[in-house]
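Asker: The following block contains the structure, expressed as structure tokens.
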Amino acid sequence: VPQHVWRINLDTPEEAHQNLSFGAADRWWEQTDLTKLILASNKLQCLSEDVRLLPALTVLDVHDNQLTSLPSALGELENLQKLDVSHNKLKSIPEELLQLSHLKSLLLHHNELSCLPNGFGQLVNLEELDVSNNHLTDIPTSFALLINLVRLNLACNQLKNLPADINAMKSLRQLDCTKNYLETVPSELATMASLEQLYLRKNKLHSLPEFPSCKLLKELHAGENQIEILNAENLKHLNSLSVLELRDNKIKSVPDEITLLQKLERLDLANNDISRLPYTLGNLPQLKFLALEGNPLRTIRRDLLQKGTQELLKYLRSKIQDDVSSPNEEPPVTAMTLPSESRINMHAITSLKLLEYSEKQAAVIPDDMFDAVRSNPVATVNFSKNQLKEVPPRIVELKDSVCDVNLGFNKILSISLELCMLHKLTHLDLRNNFLTSLPEEMEALTRLQIINLSFNRFKVFPSVLYRIPALETILLSNNQVGSIDPLQLKKMEKLGTLDLQNNDLLQVPPELGNCEALRTLLLEGNPFRTPRAAVLAKGTAAVLEYLRSRIP
């Protein structure tokens with residue numbers, strides 16, 4: 001920093017020496033001291049202790065430099081209200097900084113801080129504090145004294161827990177803890193009455209806290225955790241909630257009490273383990289966005305999920321009446337019931353046309369499941385989340401009626417010929433198995449519209465898929481596929497969705513751009529260089545157009 005910047009309050013400016021006609025009223029340098037100094041986006045490696053010559057500063061902005069430390073003289077700038085030292089290389093904060101009793105905004109994000117000084121709570125007038133993107137492993141307990149703090153950003157650190165006395169921050173409205181290592185949230189958090197936005201995404205949470213006092217909470221973001229249970233207690237006090245984001249967790253069911261959230265506008269439950277939803281969701285008056293894709297929903301057809309929120313809500317509302325008239329109960333065990341049928345849901349087989357034996361960790365499907373079907377036409381089979389090493393051979397007995405088969409999350413190594421005989425099959429879910437190939441005989445599945453092969457062990461694109469013209473959706477993410485044949489794909493006129501994320505594609509053939517029927521093409525997470533991420537981010541139409549422009 002040029003020396004005359006530090007001395008601007010002391011020295012008479014050059015032009016005053018040259019032009020002696022300055023009257024007393026014009027001599028600005030004698031009337032006012034410098035209050036704002038902005039040195040952002042330079043290459044400063046240090047700041048001089050001479051900063052103390054500018055005692056009237058209220059704003060000092062040195063973000064985006066190469067500072068490794070700060071001068072202790074900063075502590076003398078007693079009028080400072082805003083200090084931005086973000087995007088530098090700071091490893092520590094001088095204790096003197098804690099003397100800045102008027103400081104309202106302190107931005108320290110994107111540095112290399114591994115700890116904060118203990119006396120941090122002395123900054124009692126602080127309203128905004130951003131320490132995100134550092135290496136912090138804990139928070140000083142004196143944080144509790146920051147009773148005027150409105151916004152606190154702790155995202156992208158290495159925090160394993162939050163101090164319980166965080167609830168003393170009576171003014172806090174926004175708390176961001178995204179991307180840390182939190183396994184629990186202190187129950188005291190739930191008493192923070194001013195909290196409006198809470199970000200807990202990308203942590204290691206197994207459950208949500210209850211929120212008895214958070215009457216003003218408007219946004220709760222807790223996606224990408226390991227939350228398994230969503231309780232009525234977690235939800236019922238959140239009268240003001242408008243955004244609830246819980247995608248990429250392990251939630252199995254949604255409590256009916258979700259309908260108490262009358263102000264809810266956005267609900268994101270994508271990529272969980274939800275198998276059924278309360279139909280009363282359809283009655284939420286403000287709901288504008290509902291994401292459910294990537295769940296093993298039994299009651300909602302997959303094509304419905306793609307039609308958007310309003311259609312989905314309309315469908316849910318239409319089912320509320322049905323739900324009341326036919327409660328989903330198992331019939332009582334009577335003298336007429338075969339002993340084996342008492343553990344088999346006959347109501348599901350006869351009324352819902354569903355044969356289900358999932359989440360049992362079973363190595364084989366018991367014969368009495370198939371025996372119970374007898375002459376009932378079963379449309380849906382769900383044997384997911386077991387330990388099956390092969391397709392159950394007796395599945396062939398259902399060939400005249402079954403159209404939806406879910407064998408996901410098993411240990412299946414290969415597809416049997418019995419499966420290839422299910423000529424009415426439209427949906428086949430084989431995700432999370434050990435498959436490396438598909439048999440050529442699968443081309444007999446002429447009605448197959450959707451196949452999910454993600455999280456298997458395919459090294460090549462299964463060529464039989466090119467010969468199933470009814471296919472609309474191929475999900476092949478998280479395999480090791482190295483190449484695709486664009487000319488064969490172009491012949492698949494109904495193919496609208498192709499997911500090849502997280503594979504080993506070293507290049508994307510430009511001819512793929514001619515597959516104009518594709519509405520969704522997902523290629524992220526592959527090692528190819530082009531198209532670059534910026535092009536991928538623009539969406540399918542832009543990617544196809546880019547590819548077409550590269551055809552020689």
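Asker: Report the gain in length on full extension from Lys91 to Lys538: 0.36 nm times residue separation, minus Cα-Cα distance, nm rounded to one decimal. Please report the intermediate quantities before stating the final value.
Answerer: Working: separation 447, 0.36 × 447 = 160.92 nm, distance 3.75 nm.
Answer, rounded to one decimal: 157.2 nm.
Asker: Based on the mean of other Cβ atoms within 10 Å per residue, sort peptides 270-276, 5-11, 230-236 so the most packed one is first.
Answerer: In descending order of packing, they fall as 270-276, 230-236, 5-11.
Asker: Please compute the per residue accessible area over segment 158-243 with all protein chains in place, 1.4 Å probe, rounded to a whole number of Å².
Answerer: 42
Asker: What's the FRET efficiency of Thr520 with Thr299 using the Cβ-Cβ distance as r and R₀ = 22 Å, to the nearest 0.05?
Answerer: Working: r = 24 Å, r/R0 = 1.09.
Calculated value: 0.40.
Asker: For segment 46-84, which GluC sites (Glu not before Pro) pass both filters: DSSP loop (anything but H, G, I, E, B) and at most 15 other C-beta atoms within 10 Å?
Answerer: Passing sites in segment 46-84 are Glu78.
Asker: If you don't mind, there's one more thing I want to ask. Evaluate the relative contact order of the chain (contact order divided by residue number), counting alpha-carbon pairs under 8 angstrom at least 6 apart; express in whole percent.
Answerer: About 4 percent, as a whole number.
Asker: May I ask you to give the solvent-accessible area per residue for segment 346-549, in square angstrom, as obtained with a 1.4 angstrom probe?
Answerer: 46
Asker: Okay, next question. Hey, what angle do you get for helix 540-549 against the long axis of the chain, alpha-carbon based, 0 to 90 degrees rounded to 10?
Answerer: On a 0 to 90 degree scale, this one is about 90.
Asker: Additional query: Each label point is 7 Å from the Cα along the Cα-to-Cβ direction; what then is the distance between the points at Ala379 and His206, in nm?
Answerer: For Ala379 paired with His206, the spin-label model returns 3.9 nm.
Asker: Next question, about the same structure. Need the list of lysines near Lys389 for cross-linking: C-alpha distance under 19 angstrom, and skip anything on the same chain fewer than eight residues off.
Answerer: Partners found: Lys360, Lys411.
Asker: Using the per-residue mean of other Cβ atoms lying within 10 Å as a proxy for protection, in what order, highest first, do the peptides 61-71, 102-112 fall?
Answerer: 102-112, 61-71
Asker: Oh, and also: Could you give P(r) for segment 346-549, binned at 5 Å from zero, as whole percent values over all Cα-Cα pairs?
Answerer: Once binned at 5 Å, the Cα pair distances of segment 346-549 give 1, 7, 15, 19, 18, 13, 10, 7, 5, 2, 1, 0.
Asker: Further, regarding this structure: Straight-line reach only, C-alpha to C-alpha below 18 angstrom: list the lysines that Lys43 could link to, leaving out same-chain residues fewer than 8 apart.
Answerer: The qualifying lysines are Lys89, Lys91.
Asker: Can you compute the FRET efficiency between Thr68 and Asp11 using 1/(1 + (r/R0)^6), with r the Cβ-Cβ distance and R0 = 30 Å? Round to the nearest 0.05.
Answerer: Working: r = 29 Å, r/R0 = 0.98.
Using R0 = 30 Å, I get an efficiency of 0.55.
Asker: In addition: Would you please name the GluC sites (Glu not before Pro) within segment 435-536 that are DSSP coil residues with at most 16 other C-beta atoms within 10 Å of their C-beta?
Answerer: Hits after loop and neighbour filter: Glu493, Glu516, Glu524.
Asker: Further, regarding this structure: Points 7 angstrom from Cα along the Cβ direction at Leu487 and Arg317: gap in nanometres?
Answerer: Inter-label distance under the simple model: 5.2 nm.
Asker: Still on this structure, please answer the following. For the chain, what % of the accessible area comes from carbon and sulfur atoms, probe 1.4 Å?
Answerer: Carbon and sulfur: 49 percent of the exposed surface of the chain.
Asker: Then there is this: Excluding residues fewer than 8 places away in the same chain, name every one of the lysines whose C-alpha is closer than 25 Å to that of Lys490.
Answerer: Answer for Lys490, where 25 Å is the Cα cut-off: Lys307, Lys424, Lys459, Lys538, listed by chain and number.
Asker: Can you give me the angle between helix 309-325 and the longest principal axis of the chain, using Cα atoms only, in degrees from 0 to 90, rounded to the nearest 10?
Answerer: 50
Asker: Students often get this wrong, so check it: of Lys385/Lys494; Lys104/Lys170; Lys179/Lys218, which have C-alpha atoms separated by over 27 Å? Write down the numbers at each step before the final one.
Answerer: On the way: Lys385/Lys494 30 Å; Lys104/Lys170 16 Å; Lys179/Lys218 20 Å.
Result: Lys385/Lys494 exceed 27 Å.
Asker: Of all the Cα-Cα pairs you can form in segment 194-277, what percent are over 16 Å apart?
Answerer: 46
Asker: Take the Cβ-Cβ distance between Lys263 and Tyr181 as r, set R0 to 22 Å, and report the resulting FRET efficiency rounded to the nearest 0.05.
Answerer: Efficiency at R0 = 22 Å is approximately 0.10.
Asker: Lys/Arg Cβ at +1, Asp/Glu Cβ at -1, dipole of the chain taken about the Cα centre: which of Tyr199, Leu425, His63 is farthest positive-ward?
Answerer: The residue sitting most towards the positive pole is Leu425.
The values are calculated or read from the model by the stated rules, or taken from the named source; none is laboratory data. What you are looking at is a predicted structure, and each value in this text was computed from that prediction instead of being measured. No Cβ is skipped: glycine too gets one built from the backbone with ideal geometry, and neighbour counts run over all protein chains shown. To get the accessible areas, we keep the full protein, side chains included, count just its heavy atoms, and leave off ligands, DNA and RNA. Shrake-Rupley method; radii C 1.70, N 1.55, O 1.52, S 1.80 Å.
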